[in-house]
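Heads up, the thing below is written out as structure tokens.
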Amino acid sequence: MLPWILFFLLATVEISTALVAGNSQVITFRSPKLFPEGLAWDPTGQNFLVGSLHHRTISNVSNAGVIETLISDTSLPENVTILGLAVDSRNHRVLAALHAFKPLPPFNALAAYDLHSGNRLFLTVLPTNDNSDESTTANDVAVDFKGNAYVTNSGGNYIWKVNEKGEASILSNSRRFTEQPVDREAWYSLCGLNGIAYVSSGYLLAVQSNTGKMFKVDPEDGTAKLVALNEDLIGADGVVSRSDGVVLVVSPVTGKLWFLKSKDEWGEGVVFDKIDLDLEGFPTSVAVGQRDRAYVLYGHVKEGIWGNAERESFEIEEVRSLSEVEGVNVYWMYVIVGVGLAYFLYWRLQMGHFVNTMDKKTN
């Protein structure tokens with residue numbers, strides 16, 4: 001019995017240690033002056049997609065760090081930035097939010113490309129809700145199961161909807177987006193609605209950089225409600241929803257990745273874990289890959305705008321929630337204890353049969 005107990009304890013320790021100390025993947029890829037801001041996971045191709053600050057390209061990045069240009073659209077205005085990306089798996093498309101920063105003429109659009117051929121399917125210039133489009137910035141994009149795309153305007157604080165055919169309209173210009181106080185001294189104060197995600201239950205979640213707030217938006221009529229959170233997501237940029245309903249939000253301002261969950265379909269939400277990231281890498285986007293693993297993009301975009309324009313090395317890092325890992329450990333401990341108890345009872349039963357048999361033979 002003693003050897004079995006020792007084996008059981010050793011197995012418990014080894015499994016617990018493996019779960020806690022499992023190596024997180026860091027994918028380093030090289031492409032001169034790429035400075036990607038957007039990141040998406042392509043489940044069909046089993047690779048990541050990244051955009052570019054300076055190039056009119058969308059590239060594939062493998063788990064081994066091999067990068068290949070999937071799309072090079074030289075017909076776009078010169079030096080247009082490819083910001084948010086979303087993969088429409090059902091229609092085999094990638095959607096890209098496009099913006100031209102000053103001093104280039106204003107340009108905000110959504111482009112759709114075939115995932116296999118790289119051919120452009122449509123290019124839709126996004127409409128403005130007034131006579132001035134100076135502050136308009138097409139930032140992030142999400143897609144629903146029908147192929148409708150939703151694009152955030154971080155300068156104008158509203159959301160566009162673009163249907164599968166490329167027809168665009170303003171979905172939501174809710175007052176909720178401009179009711180929250182903004183620190184005008186912060187360098188990110190002009191960046192409003194930013195990351196957006198479509199949740200499988202049938203609604204949108206959008207985050208706002210300059211207020212740290214999250215909004216639940218109806219994809220049909222644009223009705224928006226403020227999500228009550230236990231803390232503000234200051235500088236919130238990319239957002240993504242996992243298959244289990246957990247939502248992840250990344251901030252290049254605070255260098256945080258927040259893990260959030262809700263029990264009431266995002267009337268309220270709670271941050272149950274937050275991970276410190278590499279601020280120098282300027283983490284702008286988060287994606288969910290195989291087996292719901294979370295990956296953060298270090299595209300060094302701030303450096304690309306203000307600093308070393310010659311950089312050629314960038315990273316995608318897997319990030320795990322320690323509280324979730326600890327929860328998994330507790331689960332496995334119970335499983336192991338249960339298996340051990342079942343084995344022990346079985347052993348006692350067998351020993352009882354063995355003793356009874358020996359007694360009968362002896363008598």
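The values are calculated or read from the model by the stated rules, or taken from the named source; none is laboratory data. Just so we're clear, the structure is a prediction, and the values are computed from it rather than from any experiment. Every residue, glycine as well, gets a Cβ built from its backbone with ideal geometry; the counts of neighbours run over all protein chains shown. Accessible surface areas use protein heavy atoms only, side chains included; no ligands, DNA or RNA. Shrake-Rupley method; radii C 1.70, N 1.55, O 1.52, S 1.80 Å.
Within the range 28-50, being within 16 Å of the chain's Cα centre (by Cα) and either within 14 Å of L297 (Cβ to Cβ) or part of a strand (DSSP E or B) (or both) holds for P36, E37, G38, L39, A40, W41, D42, N47, F48, L49, V50. The set of residues in the range 247-266 being open to solvent by 10 Å² or more (accessible area, probe 1.4 Å) and of a type in the set (A, V, I, L, M) consists of V253 alone. With the requirement that a residue be closer than 20 Å to G304 by Cα and open to solvent by 10 Å² or more (accessible area, probe 1.4 Å), what does the range 70-82 give you? Residues satisfying the conditions are S72, P77, E78, N79.
For the range 260-280, the set of residues classified as in a loop (DSSP other than H, G, I, E, B) and of a type in the set (D, E, K, R) consists of K263, D264, E265, D278, listed by residue number.
The criterion of at least 2 residues that are more than 21 Å from E317 (Cα to Cα) and touching a residue at least 24 places away in the same chain (Cβ under 8 Å) is met by the following strands (runs of 3 or more DSSP E) wholly inside the range 208-251: 214-217, 224-226.
Within the range 94-132, being touching a Lys or Arg at 6+ places or on another chain (Cβ under 8 Å) and either loosely packed, with under 13 Cβ neighbours inside 10 Å or not in a strand (DSSP E or B) (or both) holds for one residue alone: L115.
Of the residues making up the range 95-108, at least one is basic (K, R), more than 19 Å from G238 (Cβ to Cβ), assigned by the TED database to the domain that holds L49 and free of Cβ contacts under 8 Å to residues at least 12 places away in the same chain. The lone criterion from (1) in a loop (DSSP other than H, G, I, E, B); (2) in contact with a helix residue (DSSP H, G or I) (Cβ under 9 Å, 6 or more places away or on another chain); (3) aliphatic (A, V, I, L, M) left unmet by A64 is number (2). Here is the figure for the range 281-321: residues that are over 14 Å from the mean Cα position of the chain (by Cα), more than 13 Å from S31 (Cβ to Cβ) and either part of a helix (DSSP H, G or I) or not assigned by the TED database to the domain that holds G45 (or both) total 6.
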